[in-house]
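Q: The structure that follows is given in the form of structure tokens.
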Amino acid sequence: MKKSLTIVLLVVLLISLCTPAYAAMPDESILEPQYLYVRSTYLNLSIDPNTGIADCEVKCVPDSGYTVEITCKLQRFTGNSWATQKTWRTTGLNYAEIIENWAVYSGYTYRLDVIFRIRNAEGKQVEIFSENYSCDYPKN
């Protein structure tokens, strides 16, 4: 009896050691990028359904004394890839923004694909990252 109890306990112990452990994953909807030299970014793309005009807005506030260079591409999803329709660039010390409009065709998904480059006072790039924002423009 004692021997069979020992074997059962040994089997239970071995099974418990072989059970994989799973860590809980955080909710991806609350994950936010952690920037080194940026206080805030803002992207917005909206398309007026009556005119087909896409309003593109991108803003970035780097830490004080840093320059931000923004490259913004308005892209249309065609087939299985993104095709660039228009590109805008700007640079600013302590703040930069792009506010532009562009006529687009209905029946597609559009996005802003944005690259931010942060430079220090000596002009050395210290950070680079990208963000994108998309919206649909259905056919009428």
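Q: Based on the Cα atoms of segment 46-104, what semi-axes does the equivalent ellipsoid have, where each is the square root of 5 times one gyration tensor eigenvalue, given in whole Å with the largest first?
A: Semi-axes from the Cα gyration tensor: 27, 14, 8 Å.
Q: While we're here: Can you tell me the accessible area per residue over segment 50-114, all protein chains present, probe 1.4 angstrom, in square angstrom? List each step's numbers first, then the result.
A: On the way: 3300 Å² over 65 residues.
Heavy-atom SASA per residue in segment 50-114 reads 51 Å².
Q: May I ask you to evaluate 6.51 cos²θ - 1.76 cosθ + 1.60, the Karplus curve with θ = phi - 60°, for each residue of segment 71-84 and list the ³J(HN,Hα) values in order in whole Hz, giving x for glycine and proline?
A: 10, 10, 10, 8, 10, 10, 7, 10, x, 10, 8, 9, 10, 6
Q: Under a point-charge model restricted to the Cβ atoms of Lys and Arg (+1) and Asp and Glu (-1), what is the dipole moment magnitude of segment 36-130 relative to its Cα centre, in debye to the nearest 20? If you can, show how the numbers build up before the last one.
A: Details: 10 positive and 10 negative charges, 47 e Å.
Rounded to the nearest 20 debye, it is 220 debye.
The values are calculated or read from the model by the stated rules, or taken from the named source; none is laboratory data. Here the structure is a predicted model, which is why all the values come from computation and not from measurement. Every residue, glycine among them, receives a Cβ derived from its backbone with ideal geometry; neighbour counts consider all protein chains shown. Keep in mind that these areas ignore ligands, DNA and RNA; they rest on the heavy atoms of the full protein, side chains included. Shrake-Rupley method; radii C 1.70, N 1.55, O 1.52, S 1.80 Å.
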